[in-house]
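Bear in mind that the values in this text are calculations on the coordinates, not laboratory data. What you are looking at is a predicted structure, and each value in this text was computed from that prediction instead of being measured. When we count neighbours, we look across all protein chains shown, and the Cβ atoms used for this are built from the backbone with ideal geometry, even at glycine.
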Amino acid sequence: MKLESIKVMIHRYLNRDMGVILIYHSVVDCILGFNMWTHMPLNRFAAHMRVLKQQANVIPLTKMISSIQKGKLPKYSVAVTFDDGFVNNFTRAFPVLQHYNIPATIFLSTAFIGTTKFFWPERLAFRLMRTNLKKINVLDQGFSLNSDEDRCNAYTHLRDYLKKLHPKEIDTELKKIENILNIKETFINDPIYQEWLPLNWDQVKDMEDSGLIEFGGHTADHHILSRLNLSEAEEQIKACKNALDLNLKYPTKLWAYPNGEKNDFSDDHKELLQKYGFLYNFSTIPSYISINSETNTIGRIGIGSQTDTDELMNILSKRDRWEELDKTQRIKMALKCGLFKNFDTTTKSL
Ligand SMILES: [Zn+2]
């Protein structure tokens with residue numbers, strides 16, 4: 001057995017009382033023009049779920065919360081979440097989740113559900129992937145589009161610029177870019193287009209009826225709350241709540257902040273969310289769950305499209321405690337894990 005695998009197993013054991021909440025976004029079964037962090041290939045997602053089935057105790061997010069409140073987390077607990085509400089959560093991810101009987105929570109940006117609107121990063125990426133142009137001039141800057149790598153660089157640059165703007169400005173700027181990156185009208189038959197559409201409410205209902213999937217709020221228009229003034233933010237929360245109440249069987253108390261980093265929300269937003277019944281809020285600030293975790297804002301760990309199953313195991317194992325252990329403790333832990341049945345020289349380097 002390799003030292004790396006031993007470390008992972010020891011940490012799985014050491015951290016067995018800590019939970020992990022994973023964030024996925026989109027699961028695609030087509031070749032993209034360039035890699036995007038949020039769009040994971042179906043075969044990789046299926047491999048992740050197989051690992052979770054074998055190595056973890058996947059519980060619904062609401063059970064993770066009630067376990068924190070009771071002061072006792074099930075051992076090796078993991079919760080699976082998806083942000084945004086891509087149609088592929090139903091067409092690609094849901095069959096895999098059903099196959100492994102893995103529960104999950106999907107956070108919906110409700111103004112997209114049942115429409116053919118793309119989230120703005122996908123509006124940009126889709127055009128950059130499909131344009132015939134070899135170079136463009138946007139935002140007073142020239143971008144070469146000769147290779148997939150060029151297109152990916154242009155995407156990253158433009159996305160990072162747009163992300164800082166007020167949502168209305170994003171739309172205005174994006175429309176200008178879309179005019180330049182003019183693509184043919186036949187794009188609705190494009191496999192990428194089909195994979196990136198949002199869910200509709202019938203699909204949401206089907207998944208809710210399965211008893212395997214629960215839903216939460218993620219604003220109406222996927223605006224980062226801190227980019228809005230407080231009344232605009234309240235409007236986003238209220239509209240999302242109303243749409244969810246109208247379409248779900250059970251009112252949800254779950255909320256995930258768009259983008260979800262430290263500067264993307266404030267205490268004012270937390271108060272608004274409480275007012276509208278979103279009692280349990282999730283960020284994208286990476287952290288592990290323990291019985292001491294607060295249930296008001298809970299950290300999650302983002303899983304990117306490039307995360308392979310070894311890296312997933314590292315994440316589940318919370319590897320950063322390795323350095324805290326001296327050699328004797330490492331060996332003791334390894335013995336407790338039932339390792340070293342085939343004790344060999346590898347252990348000397350522990
Ligand atoms: Zn999101």
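Using the count of nearby Cβ atoms within 10 Å as a rough guide to exposure, how do R300, R123, R159 rank from fewest to most? Spell out each step's value before the answer.
On the way: R300 22, R123 19, R159 15.
Going from least to most buried by this count: R159, R123, R300.
So how tilted is helix 120-130 from the main axis of the chain? Cα-based, degrees 0 to 90, rounded to 10.
In the chain, helix 120-130 runs at an angle near 80 degrees to the longest axis.
Give me the angle, in degrees from 0 to 90, between the Cα long axis of helix 61-70 and the longest principal axis of the Cα atoms of the chain, rounded to the nearest 10.
Tilt of helix 61-70: around 50 degrees.
Helix 42-55 against the longest principal axis of the chain: what's the angle in degrees, Cα atoms only, rounded to the nearest 10?
Approximately 30 degrees, to the nearest ten.
Quick query: amide H of I106 versus all other amide H atoms, modeled in the peptide plane; which residues come in under 5 Å with a sequence gap of 5 or more or a different chain?
Close amide H contacts, sequence-distant or interchain: F82, E214, F215, G216.
Translational diffusion coefficient, Stokes-Einstein: compute it for the stretch 184-309 using the Kirkwood radius over C-alpha pairs as Rh, at 25 °C and 0.890 mPa s, and state it as an integer in µm² s⁻¹. Kindly include the intermediate steps, with their values, before the conclusion.
On the way: Rh = 16.3 Å.
So the translational diffusion coefficient is about 150 µm²/s.
Semi-axes of the chain's equivalent ellipsoid from the Cα gyration tensor, sqrt of 5 times each eigenvalue, largest first, rounded to whole Å? Could the numbers behind the result be given before it?
On the way: eigenvalues 264, 133, 74 Å².
Taking √(5λ) for each Cα gyration eigenvalue gives 36, 26, 19 Å.
Take the alpha carbon gyration tensor of the stretch 120-192, find the square roots of its eigenvalues, order them as a ≥ b ≥ c, and report rounded if a/c is under 1.5; if not, report prolate when a/b exceeds b/c, else oblate. Mind dumping the intermediate values first?
Working: a/c = 1.66, a/b = 1.21, b/c = 1.38.
Cα axes put the stretch 120-192 in the oblate bin.
Can you classify the stretch 1-115 as rounded, prolate or oblate using the Cα gyration tensor, where a ≥ b ≥ c are the square roots of its eigenvalues, rounded means a/c under 1.5, and otherwise it's prolate if a/b beats b/c and oblate if not? Kindly include the intermediate steps, with their values, before the conclusion.
On the way: a/c = 2.34, a/b = 1.36, b/c = 1.73.
Taking the square roots of the gyration eigenvalues as a ≥ b ≥ c, the stretch 1-115 is oblate.
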